[in-house]
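Asker: Structure below; questions to follow.
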Amino acid sequence: PEDSRRVFTGGPPGLFSSTDAGDTWLGLNPKGGLGKAFSAIAVDPSQPGAVLVGDDSWGTILRSTDGGATKTTAFQQPGLYNTDFYNRHGFQAIVFAPSNPKTVYAGMRYFQEGLDFGRTAQSYGMLKSTDGGATWSYTNDSNMAGQNVNTIAVPPRDELTVYAGTIYGGVFISHDGGSSWRASNKGLPLVDVRALV
C-alpha cells in the first residue's frame, strides 16, 4: 500500500520480489537452491516491509519485516514427513484483516499434486495470528477441523467475520474471529470453492 513498485511472487521456483513494479525480479530463496513452492503471500497493510509467505506442501509460514531479505519461521505444522509424497499440507491463503492488521488468518490444505492425482485427505483447517503473523494458533471448531481451505475473505471493517472457501465442504462463515464456524452452501451446486472476495 505504501510502495506501489514493490511486488512479490511465489510458485514452484520459490519466492521473488521486484522493487521496480515487476520489470525485474530478485530471488529471495536460500542459497544453494530455489527453495520451497510458495502458494500464499500477504503483505501487512500497515508495514511496507512486513510480508508473510506460506508454502504449498511443507506446512510452513515464513515472516519477514524487511521485504523478504531475511525470514524467520513463524509456523511449522508438526508431524509432516515430506519424504512421504502423500503426507504434505501447505497454505493456499493468508489474509490480513484490513481493519486490524495484527489479526491474520491462514488456511491449510492438502498439497496440490495430491489433489491432482485424485487423492482426498483431511487437512488442518484454519489458523489465526493476533500479533501480525509472528505467532499462530489453530482456530477450528468441529465444523472447520480437517477442512482443506482454498481461500479466505475478511470484510474491510470487521476483523471478527471470516469467510473460508474449502475444497470438499464449500463455504464456512465465522462471526467470532474463528472460534465457531457454520457451513453456508445453499444454492451452490458444488462445494469446491476456489475464490472468495
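Asker: Sort Tyr86, Tyr163, Tyr110 by accessible area with a 1.4 Å probe, largest first.
Answerer: Working: Tyr86 100, Tyr163 75, Tyr110 5 Å².
Descending order: Tyr86, Tyr163, Tyr110.
Asker: Oh, and also: Under the 0.36 nm per residue contour assumption, what length would be gained going from the current alpha-carbon distance of Gln76 and Ser46 to full extension?
Answerer: Numbers: separation 30, 0.36 × 30 = 10.80 nm, distance 2.48 nm.
Length difference between fully extended and current span is 8.3 nm.
Asker: Another question about this same structure. Report the extension gain between Leu190 and Phe117 in nm, rounded to one decimal, defined as 0.36 nm multiplied by the number of residues separating them, less their alpha carbon distance.
Answerer: Full extension from Leu190 to Phe117 adds 24.3 nm.
Asker: A follow-up question, please. Taking the Cα centre of region 1-134 as origin, work out the dipole magnitude from +1 charges on Lys and Arg Cβ and -1 charges on Asp and Glu Cβ, in debye rounded to 20.
Answerer: 260
Asker: Now for a separate question. Most fluctuating residue of Ala134, Ala42, Ala21 in a GNM of the chain with Cα springs under 10 Å: which is it?
Answerer: Ala21
Asker: Out of Gly49, Gly125, Gly90, any idea which swings most in a Gaussian network model of the chain, alpha carbons joined below 10 Å?
Answerer: Greatest mean-square fluctuation among the candidates belongs to Gly49.
Asker: May I ask you to give the solvent-accessible area per residue for the chain, in square angstrom, as obtained with a 1.4 angstrom probe?
Answerer: For the chain, the per-residue accessible area is 49 Å².
Asker: Restricting attention to region 42-147, which trypsin sites (Lys or Arg not before Pro) occupy a DSSP loop and are surrounded by at most 13 other Cβ atoms within 10 Å?
Answerer: Numbers: sites: Arg63, Lys71, Arg88, Lys102, Arg109, Arg119, Lys128; in loops: Lys71, Arg88, Arg119.
Sparse-neighbourhood loop trypsin sites (Lys or Arg not before Pro): Arg119.
Asker: Continuing with this model, one more query. Counting Lys and Arg as +1 and Asp and Glu as -1, each charge on the Cβ, what is the dipole of region 62-181 about the Cα centre in debye, to the nearest 20?
Answerer: Numbers: 8 positive and 9 negative charges, 25 e Å.
Charge dipole, region 62-181, about its Cα centre: 120 debye, nearest 20.
Asker: In the chain, what percent of the accessible surface is made up of carbon and sulfur (1.4 Å probe, ligands and nucleic acids excluded)?
Answerer: Values: 5150 of 9740 Å².
Heavy-atom surface of the chain belonging to carbon and sulfur, 1.4 Å probe: 53 percent.
Asker: Enumerate the aspartates and glutamates that Lys102 could reach by cross-link, defined here as Cα to Cα under 15 Å, with residues fewer than 8 away along the same chain left out.
Answerer: Reachable aspartates and glutamates: Asp44, Asp131, Asp158, Glu159.
Asker: While we're on this one: Run down the lysines and flag those whose C-alpha is under 19 Å from the C-alpha of Lys36, throwing out any fewer than 8 positions away in its chain.
Answerer: Within the straight-line limit of under 19 Å, Lys36 reaches these lysines: Lys71.
Asker: Quick one: Karplus J couplings for region 36-46, per residue in order, coefficients 6.51, -1.76, 1.60, θ = phi - 60°, nearest Hz, x for Gly and Pro?
Answerer: Working through the residues one at a time gives 7, 7, 9, 10, 9, 9, 9, 9, 5, x, 9 Hz.
Asker: Near the amide H of Asn143, under 5 Å away, which other amide H atoms are found, from residues 5 or more places off or on another chain, if H is placed in the peptide plane?
Answerer: Trp181
Asker: What does the extension gain come out to for Ser4 and Asp20, with contour length at 0.36 nm per residue minus their alpha carbon separation?
Answerer: This chain segment gains 4.9 nm when fully extended.
Asker: If packing is taken as the average number of other Cβ atoms within 10 Å across a peptide's residues, how do 164-170, 11-17, 188-194 rank, most packed first? Let's see the in-between values first.
Answerer: Working: 164-170: 21.6, 11-17: 17.6, 188-194: 11.9.
Going by the mean number of other Cβ atoms within 10 Å, highest first, we get 164-170, 11-17, 188-194.
Asker: Ok, one more. Using a/c under 1.5 as the rounded threshold, could you call the chain rounded, prolate or oblate? The axes a ≥ b ≥ c are square roots of the C-alpha gyration tensor eigenvalues, and prolate needs a/b larger than b/c, oblate otherwise.
Answerer: Oblate, because a/c is 1.5 or more while a/b does not exceed b/c.
The values are calculated or read from the model by the stated rules, or taken from the named source; none is laboratory data. As the structure is a computational prediction, the values presented were derived from the model and not from experiment. Don't worry about glycine lacking a Cβ; one is built from the backbone with ideal geometry, like all the others, and counts go over all protein chains shown. Each accessible area value is taken on the protein alone, full model and side chains, heavy atoms only, with ligands, DNA and RNA left out. Shrake-Rupley method; radii C 1.70, N 1.55, O 1.52, S 1.80 Å.
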